[in-house]
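Single-structure report; data block below.
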Amino acid sequence: MFWTDCRFEPGPGWAALRPLFDTSRDAWRRGDEEAALAADESIHAAGLTLVPEGGGDPVADFLIRINGDKARYRF
């Protein structure tokens with residue numbers, strides 16, 4: 001599983017989800033793997049789906065990190 005880097009543009013639901021991503025990022029940065037994995041599980045539990053801009057099948061099982069206008073994901 002390789003990470004794919006991309007541009008992130010927040011949509012209307014971002015304000016509710018941002019704290020989950022901030023918690024994950026901060027935990028990984030400080031090396032708290034237990035808190036980071038728990039935050040990642042919370043993100044997964046939110047039921048998000050990646051939808052390719054150019055078409056293609058949506059992806060429901062993935063890992064994602066968002067920081068500002070940058071995102072990286074793998075599936």
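Brief remarks on what is shown
- Count of region 24-75 residues, restricted to those that are part of a helix (DSSP H, G or I), within 21 Å of Arg7 (Cα to Cα) and of a type in the set (S, T, N, Q), is 1.
- Condition met for Ala35 (on the phi < 0 side of the Ramachandran plot, modelled with pLDDT of 95 or more and not polar (S, T, N, Q)): yes
- Reported count of residues in region 1-29, each being of a type in the set (Gly, Ala, Ser) and surrounded by 11 or more Cβ atoms within 10 Å (Cβ to Cβ), is 2.
- Selected residue [touching a Ser or Thr at 6+ places or on another chain (Cβ under 8 Å) and not basic (Lys, Arg)] from Pro52, Pro58, Pro19, Pro12: Pro58
- Among the residues of region 1-23, those identified as outside any helix (DSSP H, G or I) and not polar (S, T, N, Q) are Met1, Phe2, Trp3, Asp5, Cys6, Arg7, Phe8, Glu9, Pro10, Gly11, Pro12, Gly13.
- Some residue of region 48-57 being in contact (Cβ under 8 Å) with a residue 24 or more places away in the chain and surrounded by 12 or more Cβ atoms within 10 Å (Cβ to Cβ): yes
The values are calculated or read from the model by the stated rules, or taken from the named source; none is laboratory data. This one's a predicted model, so the numbers in the text were calculated from it and none came from an experiment. Positions of Cβ are generated from backbone atoms using ideal geometry, with glycine treated the same way; all protein chains shown enter the neighbour counts.
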